[in-house]
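The values are calculated or read from the model by the stated rules, or taken from the named source; none is laboratory data. Please read all numbers here as calculations on a predicted model, not as lab measurements. Because the Cβ atoms are built from the backbone with ideal geometry, glycine has one as well, and the counts that use them run over all protein chains shown. SASA here: full protein model, heavy atoms, side chains in, ligands and nucleic acids out. Shrake-Rupley method; radii C 1.70, N 1.55, O 1.52, S 1.80 Å.
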Amino acid sequence: MQSISQKGWDNYLDQKAAEFLQAQQIIKSHPIPGGGGQAPGFLVLRRRGEQYATHFYNSQDGGFHHGHYFANLAQAEIDFARRVTEYAPATN
């Protein structure tokens, strides 16, 4: 039986996360590496029916959290940019 390396496993998880995010109508995403009490994941801007939403997608539990909802894309993009600076100031 062949075992998978940690790098191979990490690449697999990254691929599966990307496939999942694509299925969620993601318009933009920004990786959040985690650490210091913050779970790893992504900030996302996505289409939700007739609305747009910004969320933190937690890679550990697979859920979208702390959603902000908007009627138009321009407002959602402003919120997304603001949240990137709040969640990931060192990764910008």
Exercise. Pick out, from segment 1-76, the strands (runs of 3 or more DSSP E) lying fully within it that include 2 or more residues that are more than 14 Å from the chain's Cα centre (by Cα) and modelled with pLDDT of 85 or more.
Key: 51-58, 63-70
Quiz item: Hey, any hits in segment 51-59 for a residue that's of a type outside the set (A, V, I, L, M, F, W, C) and exposed (fewer than 12 other Cβ atoms within 10 Å of the Cβ)?
Solution: no
Quiz item: Do you know which of the residues in segment 60-76 that are open to solvent by 70 Å² or more (accessible area, probe 1.4 Å) and not hydroxyl-bearing (Ser, Thr, Tyr) is farthest from residue 34 (Cα to Cα)?
Solution: 71
Practice problem: Show the residue pairs that are 6+ apart or on different chains and have beta-carbon atoms under 8 Å apart, the first residue being within segment 52-81 and over 15 Å from residue 17 (Cα atoms), the second being among the polar types (S, T, N, Q) and in a loop (DSSP other than H, G, I, E, B). | Solution: 52/72
Exercise. Tally the residues that are over 12 Å from residue 42 (Cα atoms) and modelled with pLDDT of 90 or more, restricting the search to segment 77-92.
Key: 6
Quiz item: Taking segment 38-54 as the region of interest, how many residues are over 15 Å from residue 69 (Cβ atoms) and among the small types (Gly, Ala, Ser)?
Solution: 2
